[in-house]
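Please read the structure below before turning to the comments.
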Amino acid sequence: MSNNNGTLLEVKNLRTYFETEDGTVKAVDGVSFALQRGETLGIVGESGSGKSVTNLSIIRLVPNPPGRIAGGEIVFAGQDLLQLTEEEVRQIRGRRISMIFQDPMTSLNPFMKISRQLMEMTRLHLGHNKAQAYEHAVKMLEMVGIPDARARVEDYPHEFSGGMRQRVMIAMALSCEPELLIADEPTTALDVTIQAQILELIKKLKQRTGTSVILITHDLGVVAGMTDHVVVMYAGKVFERAPTRELFALPGNPYTRGLLRSVPDPTAEQGKLYQIPGLPPDVAHLKPGCPFAPRCDRVAEICRQEFPPFVQLNAEHYSLCHFAAEVYRESQKESSTSL
Amino acid sequence: MKEEPPDFISRQEPRDLIHVPPEFAVAEGAVRVLDEDEYVAGSSLWKDARRRLLKNKLAVFGLIVVVLITFISLLGPPIIKAATGFTYDSIPRDVTLIKSIPPFRSADGSFSWAHPMGTDNSGRDLLARVLLGGRISLMVGIISTLVSLIIGVGYGAVAGYLGGRVDNWMMRLVDVLYSLPYIILVIVLLAVFRSSTAVGQLVLLFIALGSVSWLTMARIVRGQVLSLKNQEFVVAARATGVSTTRIIFRHVVPNTLGPVIVYATLTIPQVMLSEAFLSFLGFGVQPPLASWGSLAAEGIQNIAIFPWQLIFPGVTMALTLFSLNFLGDGLRDALDPQMRT
Amino acid sequence: MLRFIIRRLLITIPTIFVVITLTWGLIRLAPGNFYTAERSIPKAIRENIKEKYGLNKPWYVQYGKAMWPIVRHLDFGNSLKYQGQPVSNIIARSLPVSATIGLLAYLLALILGITFGSIAALKQNSAWDYASMAVAMLGISIPNFVVGPLLVMVFSLSLYWLPPARWGGFWSKSLILPVLTLSGLYMAYIARLTRAGMLEVLRSDYIRTARSKGLRERDVVIRHALRAGLMPVVSFTGPALAFLLTGTVVVERIFALPGLGNYFIQASLNRDEPLIIGIVAFIAITLLLMNLLVDIAYAYLDPRIRY
């Protein structure tokens, strides 16, 4: 976590709050993580865990009001984005950090031809003239694998299928060769077969352009094949942070263990699918103690009383749990017996 | 064909009504998860709506003004009669008094409490006439809205529940009627059937206004019913052999209540405005009765010399409509946050 | 698209037929007629009149006689009151007055309504927002027959800036007060619709996308939001034209203008049957065509809609 040249983005103690009728909702509360250049970071959590808000905070697009970034630092390539003026952040958006959103059906402007939506990017950030921007748009569409791109560029979004639209979104996001691509559940709204194609595409383009990626998802399966590091979020907090392999092999948090157990395992004999009991908590009315305590299978008295510590398990592995060390040891034991 | 009217006719799951405003939908994590007991949406929906309505200052203001004006219109005339002897149609015996007197003045120009709003050209007390106008205007608004409510709910519920071809034709008819210049037809109706008595003309007005303002109501109710009719409780009622009429009016219609109330509240000022407009043109309420519209029409004749004849009925009416509209808007926001326009 | 237009026109023709029949029926069902209105006439003369104008024939004969010239040549006949004047001449003479006022008023309402509505949406919950919406609510609540005279009181009778009434030609000061009076209500509606439409659009996913692309807020609003945000205003234009017709009736009355509305009121009071039917039919045709135009415009503006 040093500030060396390899670090592209470092989020420190980010807090984003929403003012609602029910009081302050701490959607993101003290989140920290770092991303190295050329790496992919996965952020995993159930809906409501604050993972999307975290990333909207990074490009400062949290709707305000009701939301506001209450504190922390977002250091991108050496500068704190939270200290920049709106105009300075605007020049980073789309140019150096771009986003892909969950629902490609609603994320493209239905009233505008694809060509205009793509050309807008490069004309704004790269100073292309109309002809250059047009050629670039066609080239980008070809790159993301849209057949007959030169003709399709004149179509409207509703003339594309869901998967094709997400390809258009990716083409748009990458058209200025950003240093960071944030993909917010890019495959959730798509058919399973299409999901794999889109993920494969992101992976391929990442290799080709060297862009760093933050992949937000609720699906651990997606994270496994795509990312170098994983951050697990729950109730606006980071519950566990580790290299991907380590997290899958040796989870140090009961919540992560629950998530891993609820991933269907095709090799296991047929039986009941595991489910973490209960619902995610109401972040507006958090009780003291661990927010996961009511659903945790190894809850103890202390969990209801005191907020858990963020325990360092090894150089790159952290877990937010009173019993992090024990859980980690259990995982070690299980993995050695299963070998 | 025509686009369906916008999404305010589509019904949300009752649960959605409890959520924080829709702008939060963007921000994942801001939507709070409900406690178990809140899933029982029935009673808490109304409780929640009331809480939201009472928090809306403009709507509360509207409610208070509407209630006040209604009470004053109802109780004012007998009180004035007891205090001063004036009624809305009492023309003074003394011929020197048959002229328009300014507010708080007597006939010789000195201060007097007798006529707080002055008098009209025939020396009739304007306050008493404005209060009568209030009674009539409110009555026209409420009765015509009721007429439109009965026709609209019945028509919409039947079309929506029966669905298919019947629905198609019934709604096609509504589309056609929508495109007619109905207020023009109302004028023709009121002009050629002109009743010889003031009360007769008033009844004609109820019928005319009620029978043209049900179209939107029918559309709203139909949309609601369409989405309701496949829900479990209706299917269950059908499966247990409840008759179609009974299902429509006992099971489905009561569940469309929220939007119906909202729209009815917003219909009242519209109908009152139409009444005023017709009375202003001389087709509506006839003398010796008066409504705010007909009083304003009289006032305009003398606007240069006796401005109070226009200002008092005009302002009272505007205040009432203003309040009703705010109340309706507030109810809409309270009962159905998704339905904001 | 062409098929849609043709189908709509085909529905329009029977609709207008229904409107004319309805109007005719109303006039004939009502007791009395043009010749007996406002006069007491001896029985013998009344019978003579009935004989002469075919009023004692069976209803279907009368109906046929009334409808045939309309169906055949779109000929509405001569006015009974303004003797010898064809209905079409009266309409042609009075329409420009109403149309000028109506269209100018709607134009003004569009410009100001969209401006204030957009400002209110962009600065939601600010003083601007509350002020515009309060004024809009006033515009909806104060009847134009109160607004008009109040404007006259201020600008004509106190300040002597503008003429209080009468028609002064198509490009004269006398247009200002009628246009202002008429546009208030539409301005209010359009401002509210614009605000609601813009607020909804500004919350949508694709606006978030546009912002994430690094566009200036001004471009986000003008290029991405405005078009979708104004679609409700486009839909409103259909019914607005209907309201506008009734609105001109009042405004023409207040300002004593020789427009279509004033003739219509007079005709209704006089039971001038050909003139009533002519004007009603004309208004119905205009309305239906305007609604069709609005639908076409809608399809043109929203690429997702295809008929």
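Listing for the model above:
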read-out: Net charge dipole size for chain C [Lys, Arg +1 and Asp, Glu -1 on Cβ; Debye, nearest 20]; value: 440 debye
read-out: Two-decimal ratio, the stretch A:169-300, of alpha-carbon radius of gyration to 2.2 N^0.38 Å; value: 1.21
read-out: Between 0 and 90°, nearest 10: helix A:324-338 axis offset from chain A longest Cα axis; value: 80 degrees
read-out: Charge tally in the Cβ shell below 15 Å around B:A276, where Lys, Arg are +1 and Asp, Glu are -1, B:A276 excluded; value: +1
read-out: Net dipole in debye of the stretch C:179-307 [+1 Lys, Arg Cβ; -1 Asp, Glu Cβ; about Cα centre; nearest 20]; value: 800 debye
read-out: Rg [Å, one decimal], Dmax [Å, integer] - the protein assembly as shown, C-alpha atoms; value: 34.6, 120
read-out: Within the stretch A:1-140: Cβ-based charge dipole about Cα centre, in debye rounded to nearest 20 (Lys, Arg +1; Asp, Glu -1); value: 620 debye
read-out: From phi via Karplus (6.51, -1.76, 1.60), per-residue ³J(HN,Hα) for the stretch C:143-156 in Hz, x at Gly/Pro; value: x, 5, 6, 8, 4, x, x, 5, 4, 4, 4, 6, 7, 9
read-out: Hull-based mean projected area of the stretch B:212-341, where the convex hull spans the alpha carbons, in square nanometres; value: 10.5 nm²
read-out: Cβ neighbours within 10 Å from other chains - mean over C:262-269; value: 4
read-out: Folded to 0 to 90 degrees: helix A:192-209 orientation relative to chain A principal axis, Cα; value: 70 degrees
read-out: Karplus-derived HN-Hα couplings along the stretch A:152-160 (A = 6.51, B = -1.76, C = 1.60, θ = phi - 60°), whole Hz, x at Gly and Pro; value: 5, 5, 8, 8, 9, x, 5, 8, 10
read-out: Distance from the stretch C:1-27 to the stretch C:65-106 (C-alpha centre basis), Å; value: 18 Å
read-out: Of C:N144, C:V250, C:M198, farthest towards positive along the dipole that unit charges on Lys, Arg, Asp, Glu beta carbons give chain C; value: C:M198
read-out: Kirkwood-based Rg to Rh ratio, chain C, C-alpha trace; value: 1.07
read-out: Cα lying deepest toward the dipole's positive end in the protein assembly as shown, options C:V71, A:A284, B:G293, charges on Cβ; value: C:V71
read-out: Formal net charge of residues neighbouring A:E154 (Cβ-Cβ distance under 12 Å; K, R +1; D, E -1); value: +1
read-out: Per-residue HN-Hα couplings for the stretch A:258-263 [Karplus 6.51, -1.76, 1.60; θ = phi - 60°; Hz; x = Gly/Pro]; value: x, 4, 5, 5, 7, 6
read-out: When chain A is reduced to its Cα atoms, the Kirkwood hydrodynamic radius in Å; value: 21.2 Å
read-out: Per-residue average of Cβ from other chains inside 10 Å of C:151-160; value: 1
read-out: Entries of A:K26/A:K237; A:K130/C:K213; A:K51/A:K113; A:K26/A:K51 with Cα pairs more than 21 Å apart; value: A:K51/A:K113
read-out: Amide hydrogen neighbours beyond the local backbone of A:T40, cut-off 5 Å, H modeled; value: A:V213, A:D228, A:H229
read-out: Peptide-level mean, for C:177-188, of C-beta atoms on other protein chains within 10 Å; value: 0
read-out: Which of A:L84, A:L215, A:L9 has the fewest Cβ neighbours within 10 Å, and the rest in rising order; value: A:L84, A:L9, A:L215
read-out: Calculated P(r) of the stretch C:87-270 - Cα pairs past 26 Å, %; value: 40 percent
read-out: Amide proton proximity set for A:F307, modelled H, under 5 Å, gap of 5+; value: A:G289
read-out: For A:F76, net neighbour charge (Lys/Arg +1, Asp/Glu -1) across residues whose Cβ lies under 13 Å away; value: +1
read-out: Distant-in-sequence amide H partners of A:C321 (H built 1.01 Å from N, under 5 Å); value: A:V311
read-out: Relative packing of peptides A:229-235, A:37-43, A:280-286, C:4-10 - highest average C-beta neighbours within 10 Å first; value: A:229-235, A:37-43, A:280-286, C:4-10
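The numbers here are math on the coordinates, done by the rules we state, and not lab data. All of these numbers come straight from a predicted model, not from anything done at the bench. As a convention, Cβ positions derive from the backbone with ideal geometry for all residues, glycine included, and neighbour counts pool all protein chains shown.
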